[in-house]
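The values are calculated or read from the model by the stated rules, or taken from the named source; none is laboratory data. Quick caveat, the model's predicted, so the values are computed rather than measured. Using ideal geometry, Cβ is built from the backbone for each residue, glycine included, and neighbour counts are taken over all protein chains shown.
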Amino acid sequence: MSKKTNIICVANQKGGVAKTTTVVNLAAAFSSLGKSVLVIDSDYQGNATDILGINPVDAEKKNLARAILKEIPCENVYLKSPVASNIDVIAGTRELTEAVVQMTGQVHQHLLLKPILSEYVYDNYDIVIIDTHPTLDCLYMSAMTASHYYLMPVFPDPESAKGLVDMVHSAEKIRKYLNPLLFNLGAIICRYDKSFATHPKFVEKIRELAKAANFPVCETLIPNSASIPAASVASQPVVTWKPNSIISNAYCALAGELLPSLKGKRMGRVPVPNMEQVYKITDEVEASVEF
Ligand SMILES: Nc1ncnc2c1ncn2[C@@H]1O[C@H](COP(=O)(O)OP(=O)(O)OP(=O)(O)O)[C@@H](O)[C@H]1O
Ligand SMILES: [Mg+2]
């Protein structure tokens, strides 16, 4: 293992909070900084696979579900993304639902990605980014168990703050019982719009509460942008579809902010959130942000 490969899981139990958008745009942003990136799409919806331009016929032959069921290592299952020369993808497909059914209850049900993350991965990629779906099943657990880091996208509203609380809670259980070195890289505030009076208030409150609860919030705010869905329709991350736009620059700034924290597999103790403070977040955000 010659490289310090960083495995990052992008997760939030709440659906539709920009997990996939974060995965594909961070992949493109890291790639533009010269990093070689592998995206593992562990969502049966396959949205990251589509946005990274993977041909569905190719994805039918080589995909994550098959790799899990047959214990196929990365080198025999990855596909090249046409979006950038240094982004590879292990495709997410509908077959993942069947794979979850078959694997649930197996002794290695929380280690489903282990055979795939072979030495090839550590020799060839700087960064592995895993997209997840919003269910606490064995696939999600396996993604968090295989990761060195996790990131939590969140929208600036109280409902999303509740999702964040649930996420910190479940991630803490995974750190405690399955993956003691799992490191929280932070919450990312997405779809931020400063013209909404509530958004700056939300950001201020969530930063204050997260500090008290001992978990990080990324400095970079990802703005609301109509270019995000437009880029998805064009099967591209916005970072490659509209480079140098405000939204694209925000993702590049986020990648630049995260890079110094990425040190491969960390040793020693990781920061632990103060769960009592974490549980206060939803109520306090709701109380502080009037709609
Ligand atoms: N910054 C943004 N500005 C505008 N729209 C955005 C932004 N980020 C995400 N979206 C839109 O929000 C929706 C949800 O995003 P996305 O699919 O990334 O969420 P998800 O968390 O992966 O959802 P799921 O839980 O279904 O996997 C999409 O329609 C996406 O285009
Ligand atoms: Mg998604």
Item to check | Filter pass, residue 231 being over 18 Å from the mean Cα position of the chain (by Cα), crowded, with 19+ Cβ neighbours inside 10 Å, away from ligand 2 (no atom under 16 Å from the Cβ) and among the hydrophobic types (A, V, I, L, M, F, W, C) | outcome: no
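Could you look through region 181-197, keep only residues that are more than 16 Å from ligand 1 (Cβ to nearest atom) and over 21 Å from residue 13 (Cβ atoms), and pick out the one that is surrounded by the most Cβ atoms within 10 Å (Cβ to Cβ)? Break it down stepwise before answering.
Step one: filter region 181-197 for residues more than 16 Å from ligand 1 (Cβ to nearest atom), giving 181-186, 197.
So of that shortlist, the ones also over 21 Å from residue 13 (Cβ atoms) come out as 181, 197.
Values: 181: 14, 197: 11.
Checking each candidate, the answer is 181.
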Item to check | Any chance residue 15 is within 16 Å of ligand 2 (Cβ to nearest atom), closer than 30 Å to residue 246 by Cβ and touching a His at 6+ places or on another chain (Cβ under 9 Å) | outcome: yes
Item to check | Any helices (runs of 4 or more DSSP H) falling wholly within region 19-64 and containing at least 1 residues that are within 14 Å of ligand 1 (Cβ to nearest atom) and touching a residue at least 40 places away in the same chain (Cβ under 8 Å) | outcome: 19-32, 47-51
Next on the checklist: Pairs needed: first member in region 127-154, charged (D, E, K, R) and more than 13 Å from ligand 2 (Cβ to nearest atom); second member anywhere, outside any loop (DSSP other than H, G, I, E, B) and at pLDDT 95 or above; C-beta distance under 6 Å; at least 6 residues apart or different chains.
Outcome noted: 137/100
Next on the checklist: Just to confirm my filter: which helices (runs of 4 or more DSSP H) fall fully inside region 187-291 and include at least 1 residues that are within 30 Å of residue 125 (Cα to Cα)?
Outcome noted: 227-233, 238-241, 246-258
